Amino acid sequence: MALATTTASTSMATTAVFLPCRLPATAKTPRCSVLPYLPPQPRLSTAPSSPSLKHLSESRRFSLLQVRASEESSPPVDAGELFSDLKEKWDAVENKSTVIIYGGGAVVGVWLASIVVGAINSVPLLPKIMELVGLGYTGWFVYRYLLFKQSRKELATDIEALKKKIAGTE
């Protein structure tokens, strides 16, 4: 008595046949298991069938890669230089304990915000309502600050004033 199992996937279909084994009276597991080897079936290709079209599409793809590689030429970042810049900036800070407290507070704030967002997300209808509130606020912000030239200038001056206030140059 044979048991046949068929498994289908997008790339190949295989059939495995399990043959019954006789169990000795003292053994708890079967001693034999026969699974025939089935070679993988070829995948269906969506590439052009003509060799010249295939070569053309490959050459076009490689030329795009070459253009992208030549356009993005940025100098490598030196880790030593990066650390020395960070060390200079850290040495320039006068009140290091305040910076550490603010940094720790920011990490705790992000952690708490993550917990609150997770709790809100678990309530069934609340995430969709919050998306609508966010969409409404975005629409209001665009209308209030970005739609007209005068309001864009007002937003730019508000941002500059905030930057000066944060930097302490005001």
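The values are calculated or read from the model by the stated rules, or taken from the named source; none is laboratory data. Source: prediction; values computed, not measured. As a convention, Cβ positions derive from the backbone with ideal geometry for all residues, glycine included, and neighbour counts pool all protein chains shown. The accessibility values were calculated without ligands, DNA or RNA, using every heavy atom of the protein model including side chains. Shrake-Rupley method; radii C 1.70, N 1.55, O 1.52, S 1.80 Å.
Structural remarks
- Applying the Karplus relation 6.51 cos²θ - 1.76 cosθ + 1.60 with θ = phi - 60° to segment 141-150 yields 3J(HN,Hα) values of 4, 4, 5, 6, 10, 10, 6, 10, 5, 5 Hz, where x marks Gly and Pro.
- Share of carbon and sulfur in the accessible heavy-atom surface of segment 99-158 [1.4 Å probe, %]: 76 percent
- Efficiency of FRET between residue 102 and residue 152 - r from beta-carbon atoms, R0 41 angstrom, step 0.05: 0.85
- Legend: distances between Cα atoms for 96/165; 89/165; 128/163; 96/164; pairs beyond 23 Å are 128/163.
- Hydrodynamic analysis of segment 91-170 uses the Kirkwood radius over alpha carbon pairs. Inserted into Stokes-Einstein at 10 °C and 1.306 mPa s, it gives a translational diffusion coefficient of 97 µm²/s.
- Each of 83, 141 has its accessible area taken with a 1.4 Å probe; listed largest first, they run 83, 141.
- Note that segment 117-162 carries a Kirkwood radius of 12.5 Å, evaluated over its alpha carbons pair by pair.
- With each label modelled as a point 7 angstrom along the Cα→C-beta vector, the residue 121-residue 95 pair spans 3.6 nm.
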